[in-house]
1. With a 1.4 Å probe and all protein chains left in place, how much accessible area per residue does the chain have, in Å²?
2. Net charge around residue 64, counting only other residues with Cβ within less than 13 Å of its Cβ (Lys, Arg = +1; Asp, Glu = -1)?
3. If we count every other residue with Cβ under 15 angstrom of residue 21's Cβ, Lys/Arg +1 and Asp/Glu -1, where does the sum land?
4. Assign unit charges at the C-beta atoms only (+1 for Lys and Arg, -1 for Asp and Glu), then state the dipole size of the chain relative to its Cα centre in Debye, rounded to the nearest 20.
5. Taking 22 Å as R0, compute the FRET efficiency from the Cβ-Cβ separation of residue 74 and residue 27 and round it to 0.05.
6. Are there trypsin sites (Lys or Arg not before Pro) in the stretch 1-57 that DSSP marks as loop and that have at most 12 other Cβ atoms within 10 Å, and which are they?
7. Once the Cα gyration tensor of the stretch 8-71 is found, what semi-axes does its equivalent ellipsoid get, as square roots of 5 times the eigenvalues, in whole Å, sorted largest first?
8. Per DSSP H run of at least 4 residues, take -39500 (n - 2.57); add these up for the chain, divide by its residues and hand me the 222 nm value, nearest 500 deg cm²/dmol.
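The values are calculated or read from the model by the stated rules, or taken from the named source; none is laboratory data. Please read all numbers here as calculations on a predicted model, not as lab measurements. Here the Cβ positions follow ideal geometry from the backbone for every residue, glycine too, while neighbour counts run over all protein chains shown. Side chains included, ligands, DNA and RNA excluded: accessible areas come from the protein's heavy atoms. Shrake-Rupley method; radii C 1.70, N 1.55, O 1.52, S 1.80 Å.
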Amino acid sequence: MSQQQPSFERDIRPLFRPKDVEAMSKAFDLSAYQDVRDNADRIYQALANGVMPCDGAWTSEQTGAFHAWMEAGYPR
Ligand code: HEM
């Protein structure tokens, strides 16, 4: 069975809570495709290191989904 191509709108955008978008709005817009794409490396580093979100790290499944989206070339 073929692997479904990751999508920002379907798989990544829903991972960011309103409080995440609010907290990080001065640095970048987590609800906007282009902003997340442009800052993907440092966003992924902060997630993978567990330093962000500030109120508790993502699961490995969630960070894995973000990494797979990066590896797939940041599909919309
Ligand atoms: C999935 C959600 C989040 C992501 C991906 C994220 C990502 C990041 C990144 C990449 C930085 C470094 C910014 C830089 O290099 O300029 C950062 C800094 C920061 N974040 Fe978040 N963040 C998230 C959620 C939150 C939440 C929920 C809070 C608190 C309510 C928060 C508070 C902060 C603060 C205070 C800083 C600046 C201080 C620092 O560098 O430690 N973030 N975040």
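1. 66 Å²
2. -3
3. Counting the neighbours of residue 21, the net charge comes to -2.
4. The calculated dipole for the chain is roughly 80 debye.
5. 0.75
6. Qualifying residues, ordered by number: 26.
7. Values for the stretch 8-71, descending: 15, 14, 11 Å.
8. Here the helix-only value at 222 nm equals -12500 deg cm²/dmol.
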